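The values are calculated or read from the model by the stated rules, or taken from the named source; none is laboratory data. From a predicted model like this one, the values you see are computed outputs, not experimental measurements. When we count neighbours, we look across all protein chains shown, and the Cβ atoms used for this are built from the backbone with ideal geometry, even at glycine. With ligands, DNA and RNA removed, areas are computed over all heavy atoms of the protein, side chains included. Shrake-Rupley method; radii C 1.70, N 1.55, O 1.52, S 1.80 Å.
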Amino acid sequence: MIMGVYAVAQNTPEEYEKMYQARIQLERINDVYIPLNIEEAMLELDRLTDDKVAKSLLELPEDSIASKLHFNLGRWMQINWGLEEGSRLAYYLKSRGLSFPDDMEDLLIRCWYRHLNKQALDDQKLIDTYIIQRKSDYAKKLSKFIIDTIAKKPVRN
């Protein structure tokens, strides 16, 4: 049996890695089908979503849909598709450069929106945007940490 995130935290790094390696091989986790890649995720979202609901999403701009669906559909994907604990979809997205589950959720929602609108997914361009943003956020945090650390040091005469 694959344990939840809280049980995983109690495992040794070796046990966690063994569980992770098992999870990324599974086609189903907790009886939920795990897509292999973005294309399969689009097909699975189509299958799981009522046509009327999907069509209603087309009435709003992409940014609105991405933010509106992040905490419901995005959360569902994170839990059921194992974006945090590991799954074959999460492993695929990590191999493409994404490491944060929130970025994975946002990517999948935006790709699905574009898929529904019959637009090019431009998934690599989106992924590159997330990578650049994460690097920028890290650089800002590091810079702030350095500045705060220097400001706290006493001045020597």
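Solvent exposure of segment 44-126, expressed per residue, is 53 Å² of accessible area, with all protein chains present and a 1.4 angstrom probe. In the elastic network of the chain, a GNM with C-alpha springs shorter than 10 Å, the most mobile of Asn80, Asn117, Asn11 is Asn11. If I compute solvent accessible area with a 1.4 Å probe over the protein chains, what percent of it on the chain is carbon and sulfur? Carbon-and-sulfur percentage of accessible area, whole number: 57.
Working note: 222 nm ellipticity from helices only, DSSP H runs with n ≥ 4, each -39,500 (n - 2.57), summed and divided by the residues of the chain, gives -19500 deg cm²/dmol to the nearest 500. Each of the peptides 68-74, 108-114 was scored by the mean count of other Cβ atoms within 10 Å over its residues; in descending order, highest first, they stand as 108-114, 68-74.
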